[in-house]
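Written out below as structure tokens is the structure these notes cover.
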Amino acid sequence: MLTFVADARVLDYAPPPLPLSATAANTRSAFAAGLSCYLIWGFVAIYFRHLNDRGVDAMHLLAYRITWSTAFIAILLTVLRQWPEVAACLSSGKSILALMGSTIAIAANWWIYIYSVETRQLSYASLGYFMNPLVNVLIGVLLLGERLRKLQVAAVILAALGVCYQTYAIGKLPWISLGLAFSFGFYGLLRKTMRAGPLAGLMVETALLAPLTLAFIGWNIQQGTAPKIDESTHLLVALSGIITATPLLLFAYAARRLKLTTIGFLQYFSPTIQLLIAVLYFGEAFDRSRQVTFAFIWLAVLLFLADQVLAARRSLPVAQPADMET
């Protein structure tokens, strides 16, 4: 099955584990890094909402995010001396095609998320990220020929029932939820086909998009349709590069040192925070239809996590009598 690293947010980088002599301090710092990563991804909606309130619409915010991310990641790659990884990403036609596909997927994912914040539909974004691990499993079955275990079958059925109920309740597909879940699922599938660290891969993806975003920004400035924002807002927009790259670094550090099951549990912090922000801070409605839908998805998530815990326990080696303490 797609691993928990794939079910999390970076999806393309699973460096070799540290030696068994890794200290408890390393584990604690890794847990702190992983938790910080998911907290950033959870609370970033407030940042996007603040920029929306300052007059930066979703399309321009996406363009600025891509442009500033390209610049900031280029600086990081220079400092960390990882440009050879970027060259490796471009060493084969297969990798280039996969990166072009992942570029489209991540751009769609970013835009849908920012749009959900702008249009006060963050709760649907939260729903999408709760669904994402289940969608990853479904993609593995449909495209990779993987087999579902019994609890996974039940989890996928419950998630499907939740989507069907929401579609019936609102009279249309919850496209924000499905768009986020499937765009990130296909992004992970494409990125798993290449050996690329999170920064190197993201550098190529943002660099492929940067000419388009710069042209978009320039055209809007020339036409007089660019957002009228002050210097402080420009500074906040520039921070989008740091906000994009920092959690990737934290995740890469955590993923190398934590068990995959731990990463799997941590990944649900982000959509939980998003839902709380949507309802308690943004004032979005959490009516009966959404309550029922989330109940289906949460039950599906519980079954999914239970399956992963059971699978992890089954994979543990059985201690022989000679190995046991007396």
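Computed from the coordinates by the stated procedures, all read-outs in this text should not be read as laboratory data. What you see is a predicted model; the values in this text were computed from it and never measured. Please note: Cβ atoms are built from the backbone with ideal geometry, for glycine as well, and neighbour counts cover all protein chains shown.
A Gaussian network model of the chain, with springs between Cα atoms under 10 Å, assigns the largest mean-square fluctuation among Y168, Y129, Y187 to Y168.
Footprinting exposure proxy ranking of R288, R256, R28, R54, fewest other C-beta atoms within 10 angstrom first, gives R288, R28, R54, R256.
The count of lysine pairs in the chain that are at least 8 places apart or cross chains, and whose C-alpha atoms lie under 28 Å apart, stands at 4.
Using C-alpha pairs under 8 Å with a sequence gap of at least 6, the mean separation divided by the residue count of the chain gives a relative contact order of 41 percent. Per-residue Cβ neighbour counts within 10 Å put C164, C89 in the sequence C164, C89, beginning with the fewest. Treating r as the C-beta distance of L80 and S36 and R0 as 25 Å, the FRET efficiency rounds to 0.85. From helices alone, the chain scores -25500 deg cm²/dmol at 222 nm; the rule is -39500 (n - 2.57) for each run of n ≥ 4 DSSP H residues, then divide by the residue total.
Two tests apply to each whole DSSP H helix in the chain, Cα reach of 18 Å or more along its axis and mean Kyte-Doolittle hydropathy of at least 1.0, and the ones passing both are 58-80, 122-144, 150-170, 175-191, 198-223.
Largest mean-square fluctuation among I73, I96, I273, in a Gaussian network model of the chain whose springs join Cα atoms under 10 Å apart, belongs to I96.
Using R0 = 25 Å, the C-beta based FRET efficiency linking A88 and T27 works out to 0.25. Distance between the 7 Å Cα→Cβ label points at W219 and C164: 4.3 nm. Between the C-alpha center of the range 37-83 and that of the range 249-310 there is a gap of 22 Å. The calculated FRET efficiency for V292 paired with R120, based on their beta-carbon distance and R0 = 25 Å, is about 0.75.
Quick one: among V137, V79, V156, which has the greatest mean-square fluctuation in a GNM of the chain with alpha-carbon springs under 10 angstrom? Highest fluctuation among the options: V79.
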